[in-house]
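> Please read through the structure below; I'll follow up with questions.
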Amino acid sequence: MDVDVVNMFVIAGGTLAIPILAFVASFLLWPSALIRIYYWYWRRTLGMQVRYVHHEDYQFCYSFRGRPGHKPSILMLHGFSAHKDMWLSVVKFLPKNLHLVCVDMPGHEGTTRSSLDDLSIDGQVKRIHQFVECLKLNKKPFHLVGTSMGGQVAGVYAAYYPSDVSSLCLVCPAGLQYSTDNQFVQRLKELQDSAAVEKIPLIPSTPEEMSEMLQLCSYVRFKVPQQILQGLVDVRIPHNNFYRKLFLEIVSEKSRYSLHQNMDKIKVPTQIIWGKQDQVLDVSGADMLAKSIANCQVELLENCGHSVVMERPRKTAKLIIDFLASVHNTDNNKKLD
């Protein structure tokens with residue numbers, strides 16, 4: 001074989017080997033870096049751009065796609081200890097002609113974390129309103145979507161700032177008062193009574209605890225490799241003290257039932273999406289909301305837990321699109337009357 005041809009194969013093999021070795025090294029040694037690359041790749045693939053905006057000395061980090069148009073913009077609020085990229089699995093199935101905005105909630109990811117910040121639900125609602133005004137997102141009423149803690153913030157936001165919101169989607173929101181506690185809430189109360197804040201199930205610090213949290217939040221049993229579990233933990237550990245402080249704030253007397261206390265003030269068309277097998281927040285909350293919100297429709301998903309956005313992203317996107325279409329068409333019909 002010609003020496004030049006041999007050299008060509010050696011060079012080609014070396015060129016291919018470098019990214020493969022880099023991937024293997026990242027997977028084995030720096031799984032957290034691999035997770036960050038994963039989110040960067042999906043943001044880029046889906047056309048989501050990251051930007052920062054400031055209210056005085058407070059910074060908000062957000063991602064967006066598209067521009068405001070005749071259809072309402074969509075603002076998406078993530079849950080406890082998550083970040084804006086948790087919505088990417090849903091964004092994948094949303095039309096590209098919609099204006100989407102996903103913001104990091106106060107203290108999360110790229111948004112300012114301050115020891116002086118009010119982390120109560122009311123405090124978070126005020127911060128999100130500052131963000132909305134910075135972007136002039138409320139120049140025209142927008143569609144507000146929130147899940148879990150973000151759903152609680154979204155519901156209270158719609159009650160406090162009704163003129164900002166055209167419609168609302170709450171995905172298994174927190175903040176409701178149940179007549180009986182489920183197993184998860186009973187466990188939390190026991191931990192609070194014993195002051196064992198290090199053991200909060202939603203704040204894992206080992207791969208084993210991360211696996212338990214995934215099982216708690218999901219109906220589908222994902223088999224996650226140990227290295228990925230380690231990467232997920234590595235990403236979170238530097239933030240766990242903040243998560244504990246935030247968690248204790250949102251389950252305090254001031255915040256715990258704030259959605260329940262304000263749900264009858266929600267006047268905009270509202271969609272409730274809930275996984276029937278939710279072990280974190282009981283699905284009966286959907287019926288509570290439906291009885292208190294006049295214009296409300298409920299969608300219960302079979303074989304789905306608390307992590308609706310991750311477990312059923314295609315279905316979630318379709319439900320949001322269909323709901324928006326029905327509300328939009330109703331508004332158009334009213335204008336014609």
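> Would it be correct to say that Ala286 is of a type outside the set (Phe, Trp, Tyr) and farther than 28 Å from Asp122 by Cβ? Step through it out loud before you land on a result.
Working: of a type outside the set (Phe, Trp, Tyr): yes; farther than 28 Å from Asp122 by Cβ: no.
Considered against the rule, which asks whether it is of a type outside the set (Phe, Trp, Tyr) and farther than 28 Å from Asp122 by Cβ, Ala286 comes out as no.
> Find the residue count for the stretch 146-177, including only residues that are aromatic (Phe, Trp, Tyr) and open to solvent by 50 Å² or more (accessible area, probe 1.4 Å).
Total satisfying the criteria: 2.
> Checking Lys223 against (1) in contact with a Cys (Cβ under 6 Å, 6 or more places away or on another chain); (2) charged (D, E, K, R); (3) open to solvent by 50 Å² or more (accessible area, probe 1.4 Å), which test does it fail?
If we test Lys223 against (1) in contact with a Cys (Cβ under 6 Å, 6 or more places away or on another chain); (2) charged (D, E, K, R); (3) open to solvent by 50 Å² or more (accessible area, probe 1.4 Å), just (1) comes out false.
> Follow-up question, since we're still on this one. Considering only the stretch 267-276, state which residues are farther than 18 Å from Lys318 by Cα and open to solvent by less than 60 Å² (accessible area, probe 1.4 Å).
Answer for the stretch 267-276, where residues must be farther than 18 Å from Lys318 by Cα and open to solvent by less than 60 Å² (accessible area, probe 1.4 Å): just Val268.
> Right, another one. Filter the stretch 98-119 for residues that are of a type in the set (Asp, Glu) and open to solvent by 20 Å² or more (accessible area, probe 1.4 Å); which is farthest from Gly175 (Cα to Cα)? Lay out the reasoning, then the answer.
The initial filter retains those residues of the stretch 98-119 that are of a type in the set (Asp, Glu), namely 104, 109, 117-118.
Next cut, open to solvent by 20 Å² or more (accessible area, probe 1.4 Å) only: 109, 117-118.
Numbers: Glu109: 23, Asp117: 20, Asp118: 17 Å.
Step by step, filter the stretch 98-119, then rank; the result is Glu109.
> Do any helices (runs of 4 or more DSSP H) lying entirely in the stretch 87-181 carry at least 1 residues that are more than 24 Å from Met310 (Cα to Cα), and which ones are they?
It comes to 121-135, 149-160.
> How many residues does the stretch 83-97 contain that are in contact with a helix residue (DSSP H, G or I) (Cβ under 8 Å, 6 or more places away or on another chain) and crowded, with 17+ Cβ neighbours inside 10 Å?
Within the stretch 83-97, residues that are in contact with a helix residue (DSSP H, G or I) (Cβ under 8 Å, 6 or more places away or on another chain) and crowded, with 17+ Cβ neighbours inside 10 Å number 8.
> Given (1) within 16 Å of Ser284 (Cβ to Cβ); (2) in contact with a helix residue (DSSP H, G or I) (Cβ under 6 Å, 6 or more places away or on another chain), where does Gly151 come up short, assuming only one miss?
Here Gly151 clears every test but (2).
> Note down all Cβ pairs under 6 Å where the first residue falls in the stretch 105-131 and is closer than 24 Å to Val165 by Cα, the second is in a helix (DSSP H, G or I) and of a type in the set (Gly, Ala, Ser), and they're at least six residues apart or on different chains.
Ile121/Ser258
> Checking Cys61 against (1) out of contact with any Ser or Thr (no Cβ under 8 Å at 6 or more places or on another chain); (2) of a type outside the set (Lys, Arg); (3) modelled with pLDDT of 95 or more, which test does it fail?
(1) is the only condition that Cys61 fails.
> Let me ask another. With the structure loaded, tell me whether Val280 is touching a residue at least 60 places away in the same chain (Cβ under 8 Å), open to solvent by 30 Å² or more (accessible area, probe 1.4 Å) and either at positive phi or β-branched (Val, Ile, Thr) (or both) or whether it fails that test.
no
> Determine if the stretch 231-250 includes at least one residue that is part of a loop (DSSP other than H, G, I, E, B), β-branched (Val, Ile, Thr) and open to solvent by 50 Å² or more (accessible area, probe 1.4 Å).
no
> Looking only at the stretch 253-283, count every residue that is farther than 24 Å from Arg221 by Cβ and not in a strand (DSSP E or B) and tell me the total.
Selection size over the stretch 253-283: 17.
Results for (1) among the polar types (S, T, N, Q); (2) more than 13 Å from Leu137 (Cβ to Cβ); (3) open to solvent by 30 Å² or more (accessible area, probe 1.4 Å), shown as yes or no for each residue.
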{"residue": "Tyr38", "(1), (2), (3)": "no, yes, yes"}
{"residue": "Trp42", "(1), (2), (3)": "no, yes, yes"}
{"residue": "Thr45", "(1), (2), (3)": "yes, yes, yes"}
{"residue": "His54", "(1), (2), (3)": "no, yes, yes"}
{"residue": "Cys61", "(1), (2), (3)": "no, yes, no"}
{"residue": "Arg65", "(1), (2), (3)": "no, yes, no"}
{"residue": "Pro68", "(1), (2), (3)": "no, no, yes"}
{"residue": "Ile74", "(1), (2), (3)": "no, no, no"}
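> Right, another one. Looking only at the stretch 283-306, count every residue that is of a type outside the set (A, V, I, L, M, F, W, C), surrounded by fewer than 21 Cβ atoms within 10 Å (Cβ to Cβ) and at pLDDT 95 or above and tell me the total. Steps first, answer last, please.
Going residue by residue through the stretch 283-306, those that are of a type outside the set (A, V, I, L, M, F, W, C) are 284-285, 287, 291-292, 295, 297, 299, 302-303, 305-306.
Now narrow it down to the ones that are surrounded by fewer than 21 Cβ atoms within 10 Å (Cβ to Cβ): 284, 287, 291-292, 295, 297, 299, 302-303.
Filter once more, so that each one left must be at pLDDT 95 or above: 284, 287, 291-292, 297, 299, 302-303.
Number satisfying all stated conditions: 8.
> A follow-up question, please. Within the stretch 257-266, how many residues turn out to be of a type outside the set (A, V, I, L, M) and either open to solvent by less than 20 Å² (accessible area, probe 1.4 Å) or modelled with pLDDT under 95 (or both)? Give the steps one after another, and end with the answer.
We begin by selecting, within the stretch 257-266, every residue of a type outside the set (A, V, I, L, M); these are 257-258, 260-262, 264-265.
Going one step further and asking which of them are either open to solvent by less than 20 Å² (accessible area, probe 1.4 Å) or modelled with pLDDT under 95 (or both), we end up with 258, 262.
The total comes to 2.
> Here's something else I'd like to know. Could you figure out which of (1) hydroxyl-bearing (Ser, Thr, Tyr); (2) part of a helix (DSSP H, G or I); (3) modelled with pLDDT under 95 isn't true of Tyr219?
Tyr219 satisfies all of (1) hydroxyl-bearing (Ser, Thr, Tyr); (2) part of a helix (DSSP H, G or I); (3) modelled with pLDDT under 95 except (2).
> Name the residues in the stretch 43-86 that are within 23 Å of His239 (Cα to Cα), assigned to a loop (DSSP other than H, G, I, E, B) and not hydrophobic (A, V, I, L, M, F, W, C), would you?
Answer for the stretch 43-86, where residues must be within 23 Å of His239 (Cα to Cα), assigned to a loop (DSSP other than H, G, I, E, B) and not hydrophobic (A, V, I, L, M, F, W, C): Asp57, His78, Gly79, Ser81, His83.
The values are calculated or read from the model by the stated rules, or taken from the named source; none is laboratory data. Model, not experiment: these values are computed from the prediction. All Cβ positions, even for glycine, are placed from backbone atoms using ideal geometry, and neighbour counts span all protein chains on display. Surface accessibility is based on the protein's heavy atoms, side chains included, excluding ligands, DNA and RNA. Shrake-Rupley method; radii C 1.70, N 1.55, O 1.52, S 1.80 Å.
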